[in-house]
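Following: one structure in structure tokens, then a few remarks.
The values are calculated or read from the model by the stated rules, or taken from the named source; none is laboratory data. None of these values were measured; they are calculated from a predicted model. Here the Cβ is made from the backbone with ideal geometry for all residues, glycine too, and neighbour counts use every protein chain on show. When the accessible area is computed, the model is the full protein with side chains, heavy atoms only, and any ligands, DNA or RNA have been set aside. Shrake-Rupley method; radii C 1.70, N 1.55, O 1.52, S 1.80 Å.
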Amino acid sequence: MTRTHWAAVTAVVLALLFAGAATVASAGGSAPAAGTPSSASADAGFARDMSVHHQQAVEMSFVVRDRTEDEEVRRLAYDIANTQANQRGMMLGWLDLWGLPKVVAGSEPMAWMHEDGAASGHAGHGAADDAGDGPLMPGMATRSEMAKLAGLSGKEAEIYYLQLMITHHNGGVAMAEGCVRLCEVGTERSLAQGMVDAQRSEVELMVGLLKKRGAQPLV
């Protein structure tokens, strides 16, 4: 991630810290304050779903880090893992501040975007009905795809990681754009817009890395 991206992330983190402090103060440090998002809101849904989405990106990045010696790809993987792990912590922290569960039994992924007419479920590649996968969010890799990545090394691992992560980022951008439209908490919308901008930039970088390796993004 470039210094510009890190500066943007830092600004968002500071905003979130102030917002979190205000929420705790208004709630008396125990119960959610009046006016905080409901469990069925887009704010809560995005925080839950994107936390899961980010977790897979972190896992994919750690896998490729151990499967290649290429410093360019390892550096990109580290940046993605570090950034998305931090953002995941922010979103889970919001749910705690709002007094909302991190997991809602029986809930459908992306339900918070349904009213907006946005696509839900697995998008772009793979099959959502792989054994044990269940409904997947946009761009997420299936278990078989994750297993395939773990079985590759060197240039093959680099190419497949970049292909999976481009699709993963594109799905994440669609989700973040949904939050920009639908979320009501200003700091969350700001974080979502930051995700859109940074991940679009990283997609361009990854497409270039694929071209250098004689490969193309997945259809």
Checklist entry - Once the piece of chain linking Asp96 and Phe62 is laid out straight, how much longer is it, given 0.36 nm per residue of separation minus the C-alpha distance between them? => result 9.6 nm
Checklist entry - Pulled fully out, how much extra length does the chain show between Ala40 and Ala150, if you take 0.36 nm times their separation in residues and subtract their Cα-Cα distance? => result 36.0 nm
Checklist entry - Put a dot 7 Å past each Cα toward the Cβ at Tyr78 and Val52; how far apart are the dots in nm? => result 3.2
Checklist entry - Of all accessible surface on region 163-219 at a 1.4 Å probe, what whole percent is carbon and sulfur? => result 52
Next on the checklist: Quick check: pseudo-label points 7 Å beyond the Cα along Cα→Cβ at Leu205 and Arg143, how many nm apart are they?
Outcome noted: 3.2
Next on the checklist: Given the whole protein assembly as supplied and a 1.4 Å probe, what does the accessible area of Lys211 come to in Å², nearest 10?
Outcome noted: 130
Checklist entry - Between Glu69 and Glu108, what is the spin-label point distance in nm, taking each point 7 Å from the Cα along the Cα→C-beta axis? => result 5.0
